[in-house]
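Enquirer: Below are the structure tokens for one structure; questions will follow.
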Amino acid sequence: MTQSTSAEQLAIEVRELSFTYTQGAEATRLTAEQTLEDIDLLLERGSRCLLIGANGSWLILERGRDVAGKSTLLRILAGKKLTKTKCAKILGQDVFQHPPRSVVYLGTEWANNPVIKSDIGVAHFLDSVGGYRHPERRDMLLNLLDVDLDWRMHQISDGERRRVQLCMGLMGQWDVLLLDEVTVDLDVLVRSELLAFLIKESEERGATIVYATHIFDGLQSFPTHICHLQLGRTPTPLISWPIKQSSAEVKHSHSDLLEIALEWLTEDRDMRRKMEKEKGKKSRGARSKTDTRDMKSFYEKYDYSAGK
């Protein structure tokens, strides 16, 4: 974003945002676990931003705390998590006090909702969430995502259910789209056509997209910006993509998005290991004396002859 960009041109304005989880069953024993610290994210309308950071399997998870912060940030922007700091705006409106209606958040938890897995036809389901109001976009998305209206929600696979979710979320005239790992269940063709559709939406309608993913195949030409969210912080300023050799970001002048992602994820892993060591946690690769992954130790530990 340039210095001349006015607040009116911003689709997303996050300044010095921090978020802390409070844990503990008793009021006198509450503990605070900070997840986001001084996050800045300023995106103009029509931007497509990739959030890059460690995934759940790499995190120091304590009672479900999202240490990387990508999902937490997206949920805050969607108005699903409240923070005391008044520094999160979408389309100029506070996401808590005056949330804009043209924001769509699509996360992975949707497909696991028992209601979504009930015995209901896809056609009836889409109509129940307003599909009849957007027949042209609905039908276009049904074709793009290869969704069959005769499917029953309780009978289809996770990948098929994910396509129904995307159709449901995208068929309205949204202005800001927040995607949290929702393409993980899609096949290569559907994902490619979905990304092409999202690029068209941003270029023709000025829609803004923030997309957290770990699948970088086919994303080289997708983003206009990339953001490194490292264990709840943004150590690198928002980077315009593709990177120009003349820019201040020349230290990240790789032409390949995957190379930058791997560099950042390696930094995240090293930092996570350092944090685990400081907390006295054993290295994940270290074996204990009771380790049973080799055959000899396994059969010495468990005597299968007993009871015969």
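Enquirer: Of the conditions (1) out of contact with any Ser or Thr (no Cβ under 9 Å at 6 or more places or on another chain); (2) at pLDDT 95 or above, PHE216 satisfies every one except a single condition; which number is it?
Expert: (2)
Enquirer: Let me ask something else about it. Here is a check on your reading of the model: is ILE243 β-branched (Val, Ile, Thr), modelled with pLDDT under 90, crowded, with 16+ Cβ neighbours inside 10 Å and farther than 16 Å from ILE39 by Cα?
Expert: It is true that ILE243 is β-branched (Val, Ile, Thr), modelled with pLDDT under 90, crowded, with 16+ Cβ neighbours inside 10 Å and farther than 16 Å from ILE39 by Cα.
Enquirer: Right, next: How many residues, within segment 149-160, are more than 18 Å from the chain's Cα centre (by Cα) and either of a type in the set (Ser, Thr, Tyr) or under 23 Å from GLU181 (Cα atoms) (or both)?
Expert: 6
Enquirer: A follow-up question, please. With the requirement that a residue be crowded, with 18+ Cβ neighbours inside 10 Å and closer than 19 Å to ALA78 by Cα, what does segment 199-226 give you?
Expert: SER202, ALA207, THR208, ILE209, VAL210, TYR211, ALA212, THR213, listed by residue number.
Enquirer: Take the residues in segment 159-174 that are under 15 Å from ALA207 (Cβ atoms) and surrounded by fewer than 21 Cβ atoms within 10 Å (Cβ to Cβ); name whichever of them is modelled with the lowest pLDDT.
Expert: GLN173
Enquirer: Take the residues in segment 88-112 that are under 19 Å from LEU170 (Cα atoms) and not hydrophobic (A, V, I, L, M, F, W, C); name whichever of them is surrounded by the most Cβ atoms within 10 Å (Cβ to Cβ).
Expert: Looking at residues that are under 19 Å from LEU170 (Cα atoms) and not hydrophobic (A, V, I, L, M, F, W, C), I get TYR105.
Enquirer: Taking the conditions exactly as written (surrounded by 19 or more Cβ atoms within 10 Å (Cβ to Cβ) and on the phi > 0 side of the Ramachandran plot), does LEU177 satisfy them or not?
Expert: The answer is no for LEU177.
Enquirer: In segment 172-216, what residues are free of Cβ contacts under 8 Å to residues at least 60 places away in the same chain and among the hydrophobic types (A, V, I, L, M, F, W, C)?
Expert: Result: LEU186, VAL188, LEU189, VAL190, LEU194, LEU195, ALA196, PHE197, ILE215, PHE216.
Enquirer: Give the residues of segment 123-151 that are among the β-branched types (Val, Ile, Thr) and within 23 Å of SER192 (Cα to Cα), sorted by residue number.
Expert: Of everything in segment 123-151, just one residue is among the β-branched types (Val, Ile, Thr) and within 23 Å of SER192 (Cα to Cα), namely VAL147.
Enquirer: Further, regarding this structure: Yes or no: segment 182-194 includes at least one residue that is small (Gly, Ala, Ser), at pLDDT 90 or above, more than 14 Å from LYS70 (Cβ to Cβ) and not in a helix (DSSP H, G or I).
Expert: No, every residue in segment 182-194 fails to be small (Gly, Ala, Ser), at pLDDT 90 or above, more than 14 Å from LYS70 (Cβ to Cβ) and not in a helix (DSSP H, G or I).
Enquirer: On to the next question. If you check LEU141, LEU178, which single one turns out to be under 25 Å from LEU43 (Cβ atoms), touching a strand residue (DSSP E or B) at 6+ places or on another chain (Cβ under 6 Å) and either aromatic (Phe, Trp, Tyr) or outside any loop (DSSP other than H, G, I, E, B) (or both)?
Expert: Answer to the selection: LEU178.
Enquirer: Kindly list the number of the only condition in (1) of a type outside the set (A, V, I, L, M); (2) within 20 Å of ALA11 (Cβ to Cβ); (3) at pLDDT below 95; (4) crowded, with 17+ Cβ neighbours inside 10 Å that fails for PRO237.
Expert: Going through the list (1) of a type outside the set (A, V, I, L, M); (2) within 20 Å of ALA11 (Cβ to Cβ); (3) at pLDDT below 95; (4) crowded, with 17+ Cβ neighbours inside 10 Å, PRO237 breaks only (4).
Enquirer: Regarding VAL250, is this residue under 20 Å from ILE52 (Cα atoms), out of contact with any Gly (no Cβ under 9 Å at 6 or more places or on another chain) and either surrounded by fewer than 19 Cβ atoms within 10 Å (Cβ to Cβ) or modelled with pLDDT under 95 (or both)?
Expert: yes
Enquirer: Name the strands (runs of 3 or more DSSP E) wholly inside segment 29-105 in which the number of residues that are of a type outside the set (A, V, I, L, M, F, W, C) and modelled with pLDDT under 90 is 3 or more.
Expert: Correct list: 31-44.
Enquirer: From the residues in segment 93-133 that are aromatic (Phe, Trp, Tyr) and over 20 Å from THR72 (Cα atoms), which one is farthest from the chain's Cα centre (by Cα)?
Expert: TYR132
Enquirer: OK, next. Check HIS154 against each of (1) surrounded by fewer than 18 Cβ atoms within 10 Å (Cβ to Cβ); (2) in contact with a Ser or Thr (Cβ under 7 Å, 6 or more places away or on another chain); (3) in a helix (DSSP H, G or I); (4) of a type outside the set (A, V, I, L, M, F, W, C) and name the one condition it does not meet.
Expert: Among (1) surrounded by fewer than 18 Cβ atoms within 10 Å (Cβ to Cβ); (2) in contact with a Ser or Thr (Cβ under 7 Å, 6 or more places away or on another chain); (3) in a helix (DSSP H, G or I); (4) of a type outside the set (A, V, I, L, M, F, W, C), HIS154 violates only (3).
The values are calculated or read from the model by the stated rules, or taken from the named source; none is laboratory data. Since the model is a prediction, treat every value here as computed from it, not as a measurement. Quick reminder, even Gly has a Cβ in these numbers, built from the backbone with ideal geometry, and neighbours come from all protein chains shown.
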